[in-house]
């Protein structure tokens, strides 16, 4: 069921891109400075003219793939303004994090700022609202509602699929180095996904408004039956040194062999990342149970 | 001359007016302090371990932990090794600090103040990011190479001042700043969401097993043993050179051996846990203040105090964060505590007066000063044209022309003019500082004002959820003036004696660095914003702020002619100036205020890390511009030239990405500076 929903959703994509547009309207030239907003745009079937930090897409976002014609306008903190102007965008999509450079961007084109990660939390609701806002912006309300519905449907599929696994909580982490991790909790997109697919987050401590806390791996020992899901990419050398560490080897999830390695998922993402996370987690859990 | 001023260890390092008068030969104060620290550390350790494990299991956890009981595993493989590492590193740093102070005859020498820690850290960071295969040979070799390179640079920079205490510490600061700038560049250019470099660099003592302890033990032991075998010759090094030489000690060999052992200790610690701020300085100084007069006593007491200090600090951090809390690096916390200690120490150390440097300089004077100035001016105009018109675009390198011209100029003009004004102001501020202090290493960067501005910026970014540019500017200005007030308050006691002011600046800068480390180690994405600005990007400069900068510069430059007579006189030394009927206090205060205003206005644009203020006056002097006015004009032109050039390179070298102009200026400036300061 899960696969089918995901497949159905991805099958929509190429269709959406070639679908004839409203008579004569030229497509909006959008420059998107945030990868989370960019992935929603791409899923709605709209290709931005340029994004920031293009080369990290492969490493951190992966899905949906970024078409080769999308230009790179430099770093997210300092997108090249001269280049930006020569691209003649109709609109620039930004996030509150970049409010410092907003006056500069506004000299090139109108700026729409959409905040997913704010001190008020609720990234999932905000991602849903952002989807509607972006869909209205590019005139694809139908696709927007479809994306929201498909994401919800995907979650309930996954929830049904994962009901045998709901008893044990899961930590989701990124390794910073062999000793320290970022663990995702309240205020994170992953927590919202957990709530919707019926899995408990093992990390119940505080997080910042980006949704993570930085802790040593021994901070993950409080829950004795938790599983661990760690996200790629790994910093260099982390995997090798981990296996030698006695603390690591004594961690409950190592001794239970309940460790899952997940491909990269944008941790500061929107609905496509939420969906991708649910799918990858479900696949990893099923693979684990298949192994016995 | 400087050799005579570098007073011997035994007599001059006692805090003035507070000489401990304990009976007998034992360092009672140091022992008491050590006992107090140990008691605090023990109590904190007791509390921490009680929170983790019931008392009945302590022995089991220590001897043979039950692998099924996570609590025991954590105590055995995380808590205890962390404790051991804190003791080892604290002792090593204390020992290294004492040896450095003895060999360099410098009461302010320490792993941080002579740049060794920063050098080791930078080498490891470079290797991690650019050539990870190097680390396979052993982290210690990479760290050692960096530490020795940094030390060599510091010694080269301060050699002609006879390695006098102040010049060594200032050179150490410059090298640390340079290493820090390169480190920041690495992070900015490799923008990623994972900031492991920060955690490690900030000195997190966290352990997962005993490997770091076992790694450190033989290495630190060997270095400590080497020092132990050298106690007698090292003691003689504390005498002046003639005295030591007459006793038949091969001075140079033992100096080098002592330095090498200390640098090894520091490099091993940095390789194992990162930079642990100020423990070395604190331990060595406290041992001395506590009454350890003889080197033998110091070499025992300083490691003891260092170990107790770091142990207590680390357990304190664990109490504050809890066994599961968010990660606060101990090394950054010790630096936070250590910087005020340095400020407190300043007025209490007999450092001797520095000799004016520029007055004694034997550089040739140019005959055709006008010609030189015209040549630099012409070069500057050429550079300005290039910076405004020539850059890569979507279709490769082009000269801006036609309808493109106006659009492109609207972006480039503010940045170029702001860089121009900032470079000019920094150069003038540097010239004034160098003429005021008679110290060739003086500059606004080391006055602490830049750090104050950066601190204000940091508060704005972290205290307010959305800090717009005007708010950021206001905050940075407030910070700059707060730093100025602190510096002046410290300076007032010493009648604004230049060397005290500079050292206050050193301490403020260190405090600021520590805060940055703590904030960045939390991995907060806002730290990236801060780093971006710190590296001196002109990116955010719009027409309004460019106009503001240029106007400020113009107004301040109008006041310059009033200062020229003083600037000609000041390098002659305090006595000579007073002999000419000038009120030294007022003159110094006015010059300082002017420097502060120039620095604050320029730091807001190009960040606190450029070396323009240090470099431009030297370049002007090197061209033979000796009197204050021609040197000032030359320095201002050179400063503007370098900054405009740096901005242009930064905008074009890796298009569409950009390298912050301040960083480019630093990267160009560092080597140029070293070349300039090398005396033949």
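Here, each number is a calculation from the coordinates, and none is a lab measurement. From a predicted model like this one, the values you see are computed outputs, not experimental measurements. Virtual Cβ from ideal backbone geometry, glycine too; neighbours counted across all protein chains shown.
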Mind checking the angle between helix A:271-291 and chain A's longest principal axis? C-alpha axes, 0 to 90 degrees, to the nearest 10.
30
So if R0 is 25 Å, what FRET efficiency would residue A:195 and residue A:288 give, r being the distance between their Cβ atoms, rounded to the nearest 0.05?
0.70
Would segment A:87-208 count as rounded, prolate or oblate if I go by the C-alpha gyration tensor, calling it rounded below 1.5 in a/c and otherwise prolate when a/b exceeds b/c, oblate otherwise?
oblate
Provide A:126, B:82 in ascending order of the number of other Cβ atoms located within 10 Å of each residue's Cβ, fewest first.
A:126, B:82
Pop a pseudo-label 7 angstrom from the Cα along the beta-carbon direction at both residue A:256 and residue B:320 and give the gap in nm to one decimal.
3.5
Arrange A:26, A:102, A:142 by Cβ neighbour counts within 10 Å, fewest through most, would you?
A:26, A:142, A:102
For A:210-223, what's the mean count of beta carbons from other chains sitting within 10 Å of each residue's beta carbon?
6
So how far apart, in nm, are the two label points at residue B:459 and residue B:558 if each is 7 Å from Cα heading toward Cβ?
3.1
Here, residue B:59 and residue B:47, labelled 7 Å along Cα→Cβ, have an inter-label distance in nm of 2.8
Decide, for segment B:50-172, between rounded, prolate and oblate: order the square roots of the alpha carbon gyration tensor eigenvalues as a ≥ b ≥ c, take rounded if a/c falls under 1.5, and otherwise choose prolate if a/b is larger than b/c, else oblate.
oblate
Extension gain, residue A:102 back to residue A:186 (0.36 nm per residue minus Cα-Cα distance, nm)
27.4 nm
How many angstrom separate the Cα center of segment A:125-186 from the Cα center of segment B:267-309?
52
Taking every residue in A:168-176, how many Cβ atoms of other protein chains lie within 10 Å of its Cβ, on average?
2
With springs only between Cα atoms under 10 Å, which of A:277, A:83, A:175 fluctuates most in a Gaussian network model of chain A?
A:83
Need one value for A:67-79: mean number of C-beta atoms belonging to other chains within 10 Å of its residues' C-beta atoms.
4
Of the peptides B:252-258, B:114-120, how do they stack up when ordered by the mean number of other Cβ atoms within 10 Å, highest first?
B:114-120, B:252-258
If R₀ is 35 angstrom, what is the calculated FRET efficiency for the pair residue B:576 and residue B:551, using the beta carbon separation as r and rounding to 0.05?
0.40
So residue B:217 and residue B:341, fully extended at 0.36 nm per residue minus their Cα-Cα distance, gain in nm 41.7 nm
Which order do the peptides B:630-636, A:35-41, A:128-134 take when ranked by the mean count of other beta-carbon atoms within 10 Å per residue, highest first?
A:35-41, B:630-636, A:128-134
Would you list B:26, B:368 from fewest to most Cβ contacts within 10 Å?
B:368, B:26
If R0 is 45 Å, what FRET efficiency do you get for residue B:186 and residue B:629 from their C-beta distance, rounded to 0.05?
0.65
Prolate/oblate/rounded call for segment A:166-291, Cα gyration tensor, a/c under 1.5 rounded:
rounded
